[in-house]
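Okay, structure first, notes after.
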Amino acid sequence: MAFSDERNRFRVTLEDKVMDVIDDIKEEQNLKYNGDAITFLVNEYKRLKNEQWSLNYVAEVVGKNLHETLKEELTRVRLGTNNTDRNTQILIELVNGMMIHDNVEDIMTTDQLESDGLVTAKNVVQERIENKRQKRVEWEASRQK
């Protein structure tokens with residue numbers, strides 16, 4: 001917002017370093033009078049204040065949107081993690097029960113030998129994950145339209 005051409009005279013006492021700044025502004029902006037330099041400073045102050053308000057507003061809006069997006073994503077991750085944890089605990093209990101039932105003292109690890117059943121299970125799980133991933137990609141694409 002620019003000021004009107006009407007001018008008012010007032011007397012002011014300033015420190016030397018402030019006068020040095022006003023002289024620098026006059027030189028940089030090709031201004032003749034101290035009053036013009038002060039008017040420049042006031043206009044610049046108002047512009048920066050509006051710009052700061054705009055930046056704060058944008059930061060607030062972006063922050064809220066980011067919070068909502070992350071909240072949704074983290075909820076999905078949390079639910080998926082809970083499901084995975086539950087399934088893992090069930091499997092541990094099942095395997096432990098089978099080992100106790102069959103009097104198994106120790107096991108051969110998969111780095112030593114993988115059973116055909118394990119290879120089949122890995123393939124089925126990998127295919128299931130890929131199908132779910134594809135469905136999610138298609139769902140997200142349809143949601144953006």
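Residues in region 6-43 that are assigned to a helix (DSSP H, G or I) and in contact with a Lys or Arg (Cβ under 8 Å, 6 or more places away or on another chain): Lys26, Asn34, Gly35, Asp36, Ala37. Only one of these conditions is not met by Glu105: (1) farther than 30 Å from Arg136 by Cβ; (2) of a type outside the set (Val, Ile, Thr); (3) open to solvent by less than 70 Å² (accessible area, probe 1.4 Å). Which number is it? The number of the failed condition is (3).
Does Thr69 meet the test of being of a type in the set (Ser, Thr, Tyr) and at pLDDT 90 or above? No; evaluated as a whole, the condition is false for this residue.
The values are calculated or read from the model by the stated rules, or taken from the named source; none is laboratory data. Keep in mind it's a predicted model, so treat the numbers as computed, not measured. Please note: Cβ atoms are built from the backbone with ideal geometry, for glycine as well, and neighbour counts cover all protein chains shown. Heads up: the accessible areas ignore ligands, DNA and RNA and are worked out on the full protein's heavy atoms, side chains in. Shrake-Rupley method; radii C 1.70, N 1.55, O 1.52, S 1.80 Å.
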